[in-house]
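Below: one structure, written as structure tokens.
The values are calculated or read from the model by the stated rules, or taken from the named source; none is laboratory data. All values derive from a computational prediction rather than experimental measurement. All Cβ positions, even for glycine, are placed from backbone atoms using ideal geometry, and neighbour counts span all protein chains on display.
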Amino acid sequence: MPVASSTLNELTRIVGNDAVVKSRAGLHVYECDGYTLEKACPQLVVLPADTAEVCEVVRLLSDSGIAFVPRGAGTGVSGGCLPAEIPVMIGTSRMKRIRRIDLAERTAEIEAGMVNLDLTRAVAGDGFYYAPDPSSQNACTIGGNIAENSGGPHTLKYGVTVNHLLGLEVVLPNGELLQLDRTPGRPGYDLSGFITGAEGTLGIVTAATVRLLPSPESVATLLAVFPGVLEASRAVSRIVAAAIVPAALEMMDALVIEAVEAAYKFGFPADAGAVLIIEVDGLACGLDGHCEHISQACRDEGASEVRRAADEKERALLWKSRKRAFGAMGRLAPDYCTQDGVVPRSKLPEIAERTAEIGKRHGIRIANLMHAGDGNIHPLLLYNGEDSAEVARVLEASREILQACLELGGSVTGEHGIGVEKIGLMTESFGSEEIASMSELRSVFNPRGLCNPGKIIPDSRACVEVTRPRPRGGG
């Protein structure tokens with residue numbers, strides 16, 4: 001439904017004229033997130049400066065029966081903030097203040113628009129950090145991390161976003177403010193747990209209280225070089241079976257290595273079929289022993305080389321190569337689609353083989369990044385967005401890869417969420433009773449379906465239409 005001029009005037013009064021985006025050019029910035037295969041522009045983007053303004057904006061939209069979609073930095077990759085058939089987008093990018101840091105309690109209260117990495121930068125000088133570290137952590141925001149329950153390379157040891165949450169401030173879809181305390185031992189339902197990972201369908205998170213961790217005394221980062229993904233996958237299983245829990249255990253295959261080496265010049269061997277980046281941290285006195293055990297496990301599975309980053313500069317460059325690998329893929333193809341599935345660790349060799357077969361059958365080159373320690377795979381399907389037939393093959397290949405994850409006992413997402421991209425696979429992931437229970441839970445928070453409709457849960461009441469890929473440069 002079109003937004004009435006009276007509503008527009010009232011929104012402008014609440015947030016200020018400069019915080020309402022309504023020009024055609026300005027709105028194109030918000031037409032998609034990192035899942036660029038589907039695009040749609042909202043009628044308006046409203047950028048509140050604080051929680052009070054969010055409450056007032058949401059209350060106005062609710063009273064007017066206008067649907068809205070929350071958005072953080074737009075770094076998600078499943079269309080979770082796609083504004084298809086949703087008139088108003090509410091962005092949290094102006095809400096990026098640190099409200100309180102309590103080092104004695106090891107907590108911080110921050111607003112939803114704060115960039116993930118900026119929190120660690122704020123406390124690093126005092127010997128602390130914020131553990132969840134998505135690859136986009138230099139751009140993604142805390143609110144978006146909560147919406148997707150984001151993880152990152154260090155999830156293996158430290159867990160995902162929900163494991164570091166101690167409280168949430170949430171604006172419900174009717175404009176009411178909800179304060180949730182998640183202090184350990186507190187009785188009652190874990191409502192923060194419900195909201196985390198709900199992709200903005202239960203309300204808008206405006207602030208969070210999170211746990212800070214002391215920086216480890218010592219860190220060692222290893223690079224192990226393998227002839228292929230099969231050998232690297234076996235090494236992952238051997239390391240974990242040895243009762244060593246690395247802080248991170250990441251895999252890149254030959255295509256990814258080619259791209260990141262061209263971009264960042266780390267010095268990856270040109271003939272490497274796959275590499276593992278393995279990080280261990282903790283007390284300095286035990287670190288060398290862990291490194292020796294890991295190195296031997298890798299060599300036992302065929303690693304031609306295992307080397308330890310010589311200093312912090314080399315370690316930082318190695319992690320830059322991994323965390324910015326997505327950006328380097330432009331050296332291999334004009335466009336790529338990032339997938340996100342999970343399999344049991346023991347099934348990594350099998351999913352790698354099936355992914356390669358799917359790519360070959362559809363004529364699509366596929367590069368592979370993996371949070372291998374978690375069994376979380378990120379196939380990168382390379383294509384040309386100007387070729388509609390190739391785009392269709394990419395979409396079908398993506399679906400087949402995720403179905404293969406389900407067949408192997410895994411999931412269609414590990415950290416990127418469902419959004420609109422994978423909503424069709426939810427009925428293959430869950431039974432009708434489970435889907436119904438999720439819908440009932442959503443209705444408790446969002447009874448009128450105004451807050452981010454058409455996401456996660458298949459719903460016959462929601463009609464979501466999207467535009468198919470446009471030529472490159474179209475937004």
Go through ALA297, ALA352, ALA303 for me and flag whichever is assigned to a loop (DSSP other than H, G, I, E, B), in contact (Cβ under 8 Å) with a residue 60 or more places away in the chain, crowded, with 19+ Cβ neighbours inside 10 Å and out of contact with any Cys (no Cβ under 9 Å at 6 or more places or on another chain). ALA303
Do you know which of the residues in the range 154-164 that are in contact (Cβ under 8 Å) with a residue 40 or more places away in the chain and touching a helix residue (DSSP H, G or I) at 6+ places or on another chain (Cβ under 7 Å) is surrounded by the most Cβ atoms within 10 Å (Cβ to Cβ)? THR155
Which one is farthest from the chain's Cα centre (by Cα), of the residues in the range 277-320 that are acidic (Asp, Glu) and over 23 Å from ARG238 (Cα atoms)? ASP311
When residues of the range 433-457 are filtered for being over 21 Å from the mean Cα position of the chain (by Cα) and within 22 Å of PRO87 (Cβ to Cβ), how many remain? 8
Which of the residues spanning the range 259-273 are over 19 Å from ARG315 (Cβ atoms) and either modelled with pLDDT of 95 or more or aliphatic (A, V, I, L, M) (or both)? ALA259, ALA262, ALA270, GLY273
Counting only residues that are at pLDDT 95 or above, within 9 Å of the chain's Cα centre (by Cα) and assigned to a loop (DSSP other than H, G, I, E, B), which one in the range 135-149 is nearest to LYS320 (Cα to Cα)? CYS140
In the list ARG94, ARG71, ARG106, ARG59, which residue meets the criterion of being modelled with pLDDT of 95 or more, in contact with a Pro (Cβ under 9 Å, 6 or more places away or on another chain), of a type in the set (D, E, K, R) and closer than 17 Å to LEU172 by Cα? ARG71
Candidate set: the range 134-152, residues that are surrounded by 24 or more Cβ atoms within 10 Å (Cβ to Cβ) and not small (Gly, Ala, Ser); chosen: the one nearest to GLY282 (Cα to Cα): PRO134
Taking the options LEU317, LEU382, name whichever one is touching a Phe, Trp or Tyr at 6+ places or on another chain (Cβ under 6 Å), among the hydrophobic types (A, V, I, L, M, F, W, C) and in the same structural domain as LEU402 (by TED's automatic domain parsing). LEU382
Looking only at the range 317-349, and only at residues there that are among the basic types (Lys, Arg), touching a residue at least 60 places away in the same chain (Cβ under 8 Å) and assigned to a helix (DSSP H, G or I), the one that is surrounded by the fewest Cβ atoms within 10 Å (Cβ to Cβ): ARG331
In the set CYS405, CYS463, the lone residue that is modelled with pLDDT under 95 and either within 19 Å of the chain's Cα centre (by Cα) or over 30 Å from ARG324 (Cα atoms) (or both) is CYS463
Would you check which residues across the range 152-199 are touching a Cys at 6+ places or on another chain (Cβ under 7 Å) and at negative phi and list them? VAL171, PRO173, LEU177
Quick one: which of LYS39, LYS22 is basic (Lys, Arg), more than 30 Å from LEU166 (Cβ to Cβ) and surrounded by fewer than 17 Cβ atoms within 10 Å (Cβ to Cβ)? LYS22
Tell me whether the range 182-205 contains one or more residues that are closer than 18 Å to GLU111 by Cβ, at pLDDT below 95 and touching a strand residue (DSSP E or B) at 6+ places or on another chain (Cβ under 6 Å). yes
Looking at the range 355-397, which of its residues are outside any helix (DSSP H, G or I), more than 24 Å from the chain's Cα centre (by Cα) and of a type in the set (Gly, Ala, Ser)? GLY363
When the residues of the range 78-92 are filtered to those that are in contact with a helix residue (DSSP H, G or I) (Cβ under 9 Å, 6 or more places away or on another chain) and among the β-branched types (Val, Ile, Thr), which remaining residue is nearest to ARG324 (Cα to Cα)? THR92
Please determine, by comparing only the residues of the range 176-198 that are closer than 23 Å to ILE98 by Cα and touching a residue at least 40 places away in the same chain (Cβ under 8 Å), which one is nearest to the chain's Cα centre (by Cα). GLY197
